[in-house]
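These notes are about the structure you will find just below.
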Amino acid sequence: MLRQLAGGHSDTMVKNILGIIGSPRRNGNTHVLLSRILDGARDAGAEVDALFLADLTIRECDGCHACWQGKPCSKHDDMSGLFDRIARADVLIFGTPVYWYGPTALMKAFLDRFVYFNCPANRAKIRGCAAALAVPFEDTDTETADLLVKSFEKSLRYLEMHLVACLLVPGVTRKGEIAEKADRMKEAYALGMQLAASR
């Protein structure tokens, strides 16, 4: 189910789209779904890239606020090298299954480190950036994803980003099962094309 959400877009043609895969399973439902969105964006002329969070070492934020003082992050992990990559994106696509009514631990740790963009010196790097959610999950009730979606809505709004679309796919259990759902794959591809063409 695709939810079109209120929000603005970049004033220029979207050219750089970054997908963030928050599932620990390579070629699982989240990976397949997000990859299909990126296929649509690429075919529409966008430059696309993807992060597979399970391949990275991203530690928890402990609130030291070193980044707020213009200093490098105290964690010295892979996230430190991602801030510029995130800031260059016109659109961020967050892909995560629902784990206990929220995102995976991988995705939560990634999001927690966005405190870097919350400080006055770095807020402009991400202000106005468009974002989308891709959320497959086992339960057949779409309300299962409500808290996860609300968390992203509030967090991204706080950073002055725009959550423009949310693609929910309930009822997928087996690894890669989502690829068998032709209507969902078509929806994902169309979303990618739409994100690439957004102004």
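The values are calculated or read from the model by the stated rules, or taken from the named source; none is laboratory data. Note that the coordinates shown come from a computational prediction; the quantities given were computed from them, not determined experimentally. Ideal geometry is used to build each Cβ from the backbone, glycine not excepted, and the neighbour counts take in all protein chains shown.
Observations on the model:
- In this structure, Asn122 does satisfy being closer than 23 Å to Gly63 by Cα and touching a Cys at 6+ places or on another chain (Cβ under 8 Å).
- Scanning segment 21-30 for residues that are in contact (Cβ under 8 Å) with a residue 40 or more places away in the chain and over 12 Å from the mean Cα position of the chain (by Cα) yields Pro24, Arg25, Asn27, Gly28, Asn29.
- Condition check for Arg42: at pLDDT 95 or above, over 19 Å from Leu133 (Cβ atoms) and among the basic types (Lys, Arg): yes
- Among the residues making up segment 136-148, those that are free of Cβ contacts under 8 Å to residues at least 60 places away in the same chain and either under 15 Å from Gly95 (Cβ atoms) or not in a helix (DSSP H, G or I) (or both) are Phe137, Glu138, Asp139, Thr140, Asp141, Ala145, Leu148.
- Unique match (being of a type in the set (D, E, K, R) and touching an Asp or Glu at 6+ places or on another chain (Cβ under 7 Å)) among Arg127, Arg113, Arg88: Arg127
- Those residues of segment 21-71 which are surrounded by fewer than 17 Cβ atoms within 10 Å (Cβ to Cβ), farther than 17 Å from Glu187 by Cβ and either among the charged types (D, E, K, R) or in contact with a Phe, Trp or Tyr (Cβ under 6 Å, 6 or more places away or on another chain) (or both), in sequence order: Arg25, Arg26, Glu47, Asp49, Asp55, Arg59, Glu60, Asp62, Lys71
- Some residue of segment 133-150 being surrounded by 22 or more Cβ atoms within 10 Å (Cβ to Cβ), under 15 Å from the mean Cα position of the chain (by Cα), farther than 21 Å from Tyr99 by Cα and small (Gly, Ala, Ser): no
- Positions within segment 86-132 being of a type in the set (D, E, K, R), in a helix (DSSP H, G or I) and more than 14 Å from the chain's Cα centre (by Cα), in sequence order: Arg88, Arg123
- Scanning segment 178-193 for residues that are in contact with a strand residue (DSSP E or B) (Cβ under 9 Å, 6 or more places away or on another chain) and either under 11 Å from Leu133 (Cβ atoms) or not aliphatic (A, V, I, L, M) (or both) yields Lys181, Arg184, Glu187, Leu191, Gly192.
- Among the numbered conditions (1) in a helix (DSSP H, G or I); (2) of a type outside the set (Val, Ile, Thr); (3) at pLDDT 95 or above, the only one that Ser80 does not meet is (3).
- From Ala165, Ala179, Ala188, residue being over 13 Å from the mean Cα position of the chain (by Cα), crowded, with 18+ Cβ neighbours inside 10 Å and hydrophobic (A, V, I, L, M, F, W, C): Ala188
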